[in-house]
Amino acid sequence: MQHTLDRKNPPELKQIEKIFIPKAEKHTLDNGIPIYVVNAGFQDLVKVDLIFSNLSYDPSEPLLSSATNRMMAEGTAKHSALQLADLIDYYGAFYSTEESPDYCSVNLFTLNKHLSKTLPTLREILTEAVFPESDLATFILNNQQRIVVANEKVNSIARNKFNEIIFGADHPYGHISTKEDYAALKRDSLRDYHRRQYVSEHCSIIVSGKVSPQTLKEINTHLGDTGWSRSNGQVAQIPAVKTKAERRYREEKEGAIQSAIRIGKKMFTRSHEDYPGMAVLNTLFGGYFGSRLMSNIREDKGYTYGIGSAVVSMKDHGYFFISTEVGSNVADAALEEIYKEMDLLRTELVENEELETVRNYMLGSFIKNLETAFHIADRFKSIHMSGLDYSYYDKYLQKLRTIGPDEIQSLAKKYLDPDTMTELVVGPK
Amino acid sequence: MHEDPGTPLATMNILYKVGARDESPDKTGFAHLFEHLMFGGSINIPDYDEPLQMAGGDNNAWTNNDVTNYYLTLPADNLETGFWLESDRMLNLAFSEKSLEVQRNVVIEEFKQRYLNQPYGDVWLLLRPLAYKVHPYQWATIGKEISHVENASMGDVKDFFNRFYCPDNAILVVAGNVKAEKVFELSEHWFGGIQRSVAERKPYPVEPEQTERRELTVERDIPFDSIYRAYHTCSRLDAEFYSVDLLTDIMNRGRSSRMFHSLVKEKNLFSEVNTYMTADFDKGLLIIEGKLVKGVSMKNAEAAIDEELEKLRTGIIKDEEVEKVINKVESTMEFSEMDLADRALNLAIAEYMGDVELVNTEMKLYQSVTGKEIQEQANKIFRDSNCSTLYYLSKERSN
């Protein structure tokens, strides 16, 4: 079989025309808990994600909600931490928790055949946690050690410090957890917070995987009753954001041979009209391997193993940041190149071909991010937690397909002005 | 080839049978540096990434002691772009001086970022030469020292390419929404004309059995003392692999596991403890590692580890305990098959192990393991003379 082989020119490409977004379907449990169902995939397994919006935030007890969520499986009136873990592990299931300043969630991953065996344990953790003193003491001790180790890493120091500068130490988005915060955790406060937050009124559920009517029935049996219904109407009181005015920060980390750089600013959330356009600009600037920052600072200069930027959207605010770790001897040169790249986007129009690459790359990523039931559930979760619906993705894709060089430049002028950025470098003297 | 009509995507996974164990002792870190150079342009295509991104694709690669693995995912309609890119860089590289110079720097920064500028980062640089005296597993994938990467020359690069980057040293897996027939046709078209390697593969030096206990103590500017124990054990290919894997699961998988419960929760001696196998293609290691709680003496910490090991050697391993870890393996396998790219990788690894069917039969091998076999492995492995211990101590405390 002989073919003429053209190795110089790429094979013809097909444009990504249609993108099908499978949607989560809303059901309601008997006690009123909304449950969003993503039924996809052929593996006979399921993820049950229970989400609880955080009730309150008190700067004097900054770890209350996260510690409560992480500690819940450490013992109930009926079972010890070990027994609870055994009840999950025996069935090959996984229990995990997730904490953010806005909400906490607990996840159960299990094969469908073990769902009815593991749900009772999940329910017990949710409603009967007792936070034993000795388990709390271990939790405090180990987390304090973890903080001390994290503070040895320039990257962790930079991440924490940057958020504090942008949002203020009193805001949950800006608070840096300390050993003292852990030491201040009290069993009674955790129990009280648990009793108030983990009630059916504050719960919503996303279930993804191979979800049958039987799956929903089982979930309803174990979580759909009114036994954990308790209305207490408290609403989160979040302190105001206090961004520091100073623009340049240096933190010394003795003995470091690399410096961590963070540059960025407070920005809007996903619901802002410029968010989709900003997502494209960010990808082009620092959001993928072929980005301007990677091409220049890694692939041309070799200053770093990696550099990237991101637009982050949380419930009430968002931020933009660039992050990298570079050899300390080239930190100043790297800073200069980062600002040069920012200016370039503001002063020169991006070439069509580069924008086309970004567009296609992002469309491809979008499809990839819908690959499994869990991915589809994550896409739903991110709009749901931002108070948006699926029309957001229509707008996003529309923007992605149509944005041109002019709009990229005007967004860069609007949001990537170096004078508005906060700059933090953590490294040796 | 794995057909999945339920996805709009396709994945190409190319595994090259070359890793850090194929390096010479004075030129370590080379397989990994080479992985970086594979993105520096090939004979007919100046830039690997850009055309792939233009096709809506994404890619990455990794290197370990045994293999170098490259994978890309893209819309299934554009699969041929993957064939074009991957076959051209198997055919020949551009060997640009600029790319070599930049990637040397990038890898040096990676060395610093991951191994030198991290607390506990250099553990594997110390533990490997302690446990291996002959076999090339004595150095880490990143290399023994930065100078080996710094000194890499274009001659070395070309030699490495000619020896290892050829069709008879590669396994290609394609998975996704494409027909097998089409994939085989594309494979023939793009890869069919590429020359096989003429280089001979030498067998790897065999690590002699360890006959006495080894230890190394280092002091570092870190907050908490740590201990790392490395025991010699079987390879990924050995029949006893499944028993040893389940042994480490009983010891340390999840919050109901023995080591976690006893050492972290009950006795508060460690803030973290982990037990795992390296699962290498030659004889590998079983590692026990832990970070001590501040104020705990190394003697007490070790005594508690030894007590757990003694229980495994002579105590009872209950049926439920074995069932539990087997159930965990079963669900882990099921979860790991959700991603197309993971399925493709699993196929490539199984093929390299010698039997692609293993992706379907390994679960049975796990299910047939008994508590008695696990105990036998515990007795075989947990002997002082089979152990290398690294005491990684905090400077401030010993001062």
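Brief remarks follow.
- Test: residue in segment A:124-133 that is under 29 Å from A:E201 (Cα atoms), out of contact with any His (no Cβ under 8 Å at 6 or more places or on another chain) and crowded, with 20+ Cβ neighbours inside 10 Å: yes
- Residues in segment B:93-123 that are at the interface with chain A (Cβ under 8 Å from one of its Cβ atoms), farther than 30 Å from B:T217 by Cβ and not hydrophobic (A, V, I, L, M, F, W, C): B:E101, B:Q103, B:R104, B:N105.
- Pick from segment B:16-30, criterion part of a helix (DSSP H, G or I) and modelled with pLDDT of 95 or more, ranking: surrounded by the most Cβ atoms within 10 Å (Cβ to Cβ): B:A20
- If you check A:P11, A:P62 for being touching a helix residue (DSSP H, G or I) at 6+ places or on another chain (Cβ under 9 Å), over 28 Å from A:S231 (Cα atoms) and either of a type outside the set (A, V, I, L, M) or at the interface with another protein chain (Cβ under 8 Å from one of its Cβ atoms) (or both), only one passes: A:P11.
- Positions within segment B:229-273 being basic (K, R) and farther than 20 Å from B:G295 by Cα, in sequence order: B:R229, B:R236, B:R253, B:R255, B:R258
- Counted residues, segment B:70-81 - those being more than 17 Å from A:K8 (Cβ to Cβ), of a type outside the set (A, V, I, L, M) and buried (at least 21 other Cβ atoms within 10 Å of the Cβ): 5
- So B:L52, is it crowded, with 23+ Cβ neighbours inside 10 Å and facing chain A (nearest Cβ under 9 Å): yes
- Residues in segment A:214-255 that are hydrophobic (A, V, I, L, M, F, W, C), touching a strand residue (DSSP E or B) at 6+ places or on another chain (Cβ under 8 Å) and at pLDDT below 95: A:A236, A:V241.
- Any chance B:L52 is in the same structural domain as B:S147 (by TED's automatic domain parsing) and either within 25 Å of the chain's Cα centre (by Cα) or more than 15 Å from B:A152 (Cβ to Cβ) (or both): yes
- Verdict on B:V273 being facing chain A (nearest Cβ under 9 Å), touching a Phe, Trp or Tyr at 6+ places or on another chain (Cβ under 7 Å), of a type outside the set (D, E) and buried (at least 21 other Cβ atoms within 10 Å of the Cβ): no
Rundown of residues vs (1) assigned to a helix (DSSP H, G or I); (2) aliphatic (A, V, I, L, M); (3) within 10 Å of chain B (Cβ to nearest Cβ), yes/no style:
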| residue | (1), (2), (3) |
| --- | --- |
| A:L115 | yes, yes, no |
| A:T118 | yes, no, no |
| A:R123 | yes, no, no |
| A:T127 | yes, no, no |
| A:V148 | yes, yes, yes |
| A:N155 | yes, no, yes |
| A:A158 | yes, yes, no |
| A:K161 | yes, no, no |
| A:D170 | no, no, no |
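- Looking only at segment A:300-327, and only at residues there that are more than 15 Å from A:T422 (Cβ to Cβ), more than 10 Å from chain B (Cβ to nearest Cβ) and touching a helix residue (DSSP H, G or I) at 6+ places or on another chain (Cβ under 6 Å), the one that is surrounded by the fewest Cβ atoms within 10 Å (Cβ to Cβ): A:G308
- Check on A:S295, buried (at least 22 other Cβ atoms within 10 Å of the Cβ), under 17 Å from A:S323 (Cβ atoms) and among the hydroxyl-bearing types (S, T, Y): no
- In segment B:65-117, residue modelled with the lowest pLDDT [restricted to those that are basic (K, R) and more than 17 Å from B:I142 (Cβ to Cβ)]: B:K98
- When residues of segment B:77-92 are limited to those that are closer than 19 Å to B:K17 by Cα and of a type in the set (D, E, K, R), the one nearest to the other protein chains (Cβ to nearest Cβ): B:D88
- Listed by first and then second residue, the pairs with beta-carbon distance under 6 Å, at least 6 apart or on different chains, first residue in segment B:314-332 and facing chain A (nearest Cβ under 7 Å) and within 14 Å of B:I374 (Cα to Cα), second modelled with pLDDT of 95 or more and surrounded by 17 or more Cβ atoms within 10 Å (Cβ to Cβ), are B:K324/A:D89; B:K324/A:Y90.
- When the residues of segment A:276-299 are filtered to those that are without any contact (Cβ under 8 Å) to a residue 60 or more places away in the chain and within 18 Å of A:S382 (Cβ to Cβ), the one that is nearest to the other protein chains (Cβ to nearest Cβ) is A:G287.
- Condition check for B:S187: assigned by TED's automatic domain parsing to the domain that holds B:S96, surrounded by fewer than 20 Cβ atoms within 10 Å (Cβ to Cβ), assigned to a helix (DSSP H, G or I) and under 24 Å from the mean Cα position of the chain (by Cα): no
- Within segment A:352-386, the residues that satisfy the criterion of being assigned to a loop (DSSP other than H, G, I, E, B) and within 12 Å of chain B (Cβ to nearest Cβ) are A:N369, A:L370, A:E371, A:T372.
- Hey, A:T357 at negative phi, of a type in the set (S, T, N, Q) and surrounded by fewer than 15 Cβ atoms within 10 Å (Cβ to Cβ) or not: no
- Residues that are modelled with pLDDT of 95 or more, over 30 Å from A:G427 (Cβ atoms) and buried (at least 17 other Cβ atoms within 10 Å of the Cβ) within segment B:131-163 comprise B:A131, B:Y132, B:H135, B:P136, B:Y137, B:Q138, listed in sequence order.
- Cβ-Cβ contacts under 6 Å between residues 6 or more apart (or on different chains), taken from a first residue in segment A:69-95 that is under 21 Å from A:D192 (Cβ atoms) and free of Cβ contacts under 8 Å to residues at least 60 places away in the same chain to a second residue that is among the hydrophobic types (A, V, I, L, M, F, W, C) and assigned to a strand (DSSP E or B), are listed as A:N69/A:C104; A:T76/A:A129.
- Criterion: among the aliphatic types (A, V, I, L, M), touching a residue at least 60 places away in the same chain (Cβ under 8 Å) and more than 9 Å from every other protein chain (Cβ to nearest Cβ) - qualifying residue of B:L74, B:L126: B:L126
- Matching residues in segment A:387-420 - criterion: being crowded, with 19+ Cβ neighbours inside 10 Å and either in a loop (DSSP other than H, G, I, E, B) or aliphatic (A, V, I, L, M) (or both): A:L400, A:I403, A:I408, A:L411, A:A412, A:L416
- Against the test of being crowded, with 16+ Cβ neighbours inside 10 Å, more than 18 Å from B:L286 (Cβ to Cβ) and either free of Cβ contacts under 8 Å to residues at least 60 places away in the same chain or assigned by TED's automatic domain parsing to the domain that holds B:K294 (or both), the options B:L365, B:L393 yield a single qualifying residue, B:L393.
- Test: residue in segment A:27-46 that is within 14 Å of chain B (Cβ to nearest Cβ), charged (D, E, K, R) and either within 23 Å of A:L223 (Cα to Cα) or in contact with a strand residue (DSSP E or B) (Cβ under 6 Å, 6 or more places away or on another chain) (or both): yes
The values are calculated or read from the model by the stated rules, or taken from the named source; none is laboratory data. Note that the structure is a prediction, hence the values are computed from the model and not measured. Ideal geometry is used to build each Cβ from the backbone, glycine not excepted, and the neighbour counts take in all protein chains shown.
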